[in-house]
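**Student:** After the structure tokens below, expect a handful of questions from me.
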Amino acid sequence: MGDTLFGKIIRRDIPADIVYEDDDVLAFRDINPQAPVHVLFIPKKAFATLNDVSADDAIVFGKLFLAASTWAKAQGFADNGYRCVMNCNKDGGQTVYHIHLHLLAGRQMHWPPG
Ligand code: AMP
């Protein structure tokens, strides 16, 4: 896949408010937050969409969710709750084609989402 905005953030070519990093995952605050806490967890390995992930990538994907829950616990809002969302392609509302897990917290979430 081609380079994306998030690839540039991984390489530190453009700035981001990074809150978490390990060998496989980077997390930074969304530039247009939709909740008091809105952080994007991304795999350092680039996949355009969820449709591009294969069984070989299951460990990286497990790590993505574990990084989000570990960070939520460390921040102290895990027990109150939060929402993790991954948008896929046009109808899913995806705008950046490097997979990212939105973590939203700090307010009551609603269902169904818009
Ligand atoms: P999605 O619509 O699911 O693809 O989400 C893309 C998200 O990336 C949106 O919530 C944007 O606000 C966010 N975003 C776009 N550019 C940046 C940036 N430079 N730094 C942080 N978040 C960004």
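**Student:** Which one is most open to solvent (accessible area, probe 1.4 Å) among residues in region 66-102 that are hydroxyl-bearing (Ser, Thr, Tyr) and in a loop (DSSP other than H, G, I, E, B)?
**Tutor:** Here is the first cut: in region 66-102, the ones hydroxyl-bearing (Ser, Thr, Tyr) are 69-70, 82, 95, 97.
In the following step, the residues that additionally are in a loop (DSSP other than H, G, I, E, B) were identified as 95, 97.
Values: THR95: 118, TYR97: 83 Å².
That would be THR95.
**Student:** For the list (1) open to solvent by 20 Å² or more (accessible area, probe 1.4 Å); (2) more than 12 Å from the ligand (Cβ to nearest atom); (3) aliphatic (A, V, I, L, M); (4) touching a residue at least 40 places away in the same chain (Cβ under 8 Å), I need the number of the one condition that ALA105 fails.
**Tutor:** (1) is the only condition that ALA105 fails.
**Student:** Looking at this structure, is ALA58 farther than 23 Å from LYS90 by Cα and part of a helix (DSSP H, G or I)?
**Tutor:** Values: farther than 23 Å from LYS90 by Cα: yes; part of a helix (DSSP H, G or I): yes.
Against the criterion (farther than 23 Å from LYS90 by Cα and part of a helix (DSSP H, G or I)), ALA58 qualifies.
**Student:** Here's something else I'd like to know. Might you let me know whether region 48-55 holds any residue that is under 11 Å from the mean Cα position of the chain (by Cα), open to solvent by less than 50 Å² (accessible area, probe 1.4 Å), within 16 Å of the ligand (Cβ to nearest atom) and not aliphatic (A, V, I, L, M)? Can you show your working first?
**Tutor:** So the first thing to find is which residues in region 48-55 are under 11 Å from the mean Cα position of the chain (by Cα), and the list is none.
Taking every residue of region 48-55 in turn, none turns out to be under 11 Å from the mean Cα position of the chain (by Cα), open to solvent by less than 50 Å² (accessible area, probe 1.4 Å), within 16 Å of the ligand (Cβ to nearest atom) and not aliphatic (A, V, I, L, M).
**Student:** Evaluate region 7-28: report whether one residue or more is open to solvent by 80 Å² or more (accessible area, probe 1.4 Å) and either among the polar types (S, T, N, Q) or assigned to a helix (DSSP H, G or I) (or both).
**Tutor:** Taking every residue of region 7-28 in turn, none turns out to be open to solvent by 80 Å² or more (accessible area, probe 1.4 Å) and either among the polar types (S, T, N, Q) or assigned to a helix (DSSP H, G or I) (or both).
**Student:** Moving to a separate point now. Is it true that ASN32 is within 16 Å of the ligand (Cβ to nearest atom), without any contact (Cβ under 8 Å) to a residue 40 or more places away in the chain and over 14 Å from HIS102 (Cβ atoms)? Step through it out loud before you land on a result.
**Tutor:** Working: within 16 Å of the ligand (Cβ to nearest atom): yes; without any contact (Cβ under 8 Å) to a residue 40 or more places away in the chain: yes; over 14 Å from HIS102 (Cβ atoms): no.
Here the answer is no, as ASN32 does not meet what is asked.
**Student:** Say we look at region 79-102 and pick out the residues that are of a type outside the set (S, T, N, Q) and over 16 Å from the mean Cα position of the chain (by Cα); which of these is farthest from the ligand (Cβ to nearest atom)? Can you show your working first?
**Tutor:** At the first step, the residues of region 79-102 found to be of a type outside the set (S, T, N, Q) are 79, 81-86, 88, 90-93, 96-102.
Those still in the list that are over 16 Å from the mean Cα position of the chain (by Cα) too: 79, 81, 90-91.
Details: ASP79: 25, GLY81: 20, LYS90: 10, ASP91: 12 Å.
Per the criteria, the residue is ASP79.
**Student:** While we're here: Only one of these is open to solvent by 30 Å² or more (accessible area, probe 1.4 Å) and more than 28 Å from TRP111 (Cα to Cα): LYS44, LYS63. Name it.
**Tutor:** Working: LYS63 fails: more than 28 Å from TRP111 (Cα to Cα).
It is LYS44.
**Student:** Kindly provide the set of residues from region 10-29 that are within 13 Å of the ligand (Cβ to nearest atom) and touching a residue at least 24 places away in the same chain (Cβ under 8 Å), ordered by number.
**Tutor:** Hits for region 10-29 are ILE10, VAL19, ALA27.
The values are calculated or read from the model by the stated rules, or taken from the named source; none is laboratory data. Computed from a predicted structure; not experimentally measured. Methodologically, a virtual Cβ is constructed for each residue, glycine included, from the backbone with ideal geometry; neighbour enumeration extends over all protein chains shown. Note: accessible area is taken over every heavy atom of the protein model, side chains too, but ligands, DNA and RNA are not part of it. Shrake-Rupley method; radii C 1.70, N 1.55, O 1.52, S 1.80 Å.
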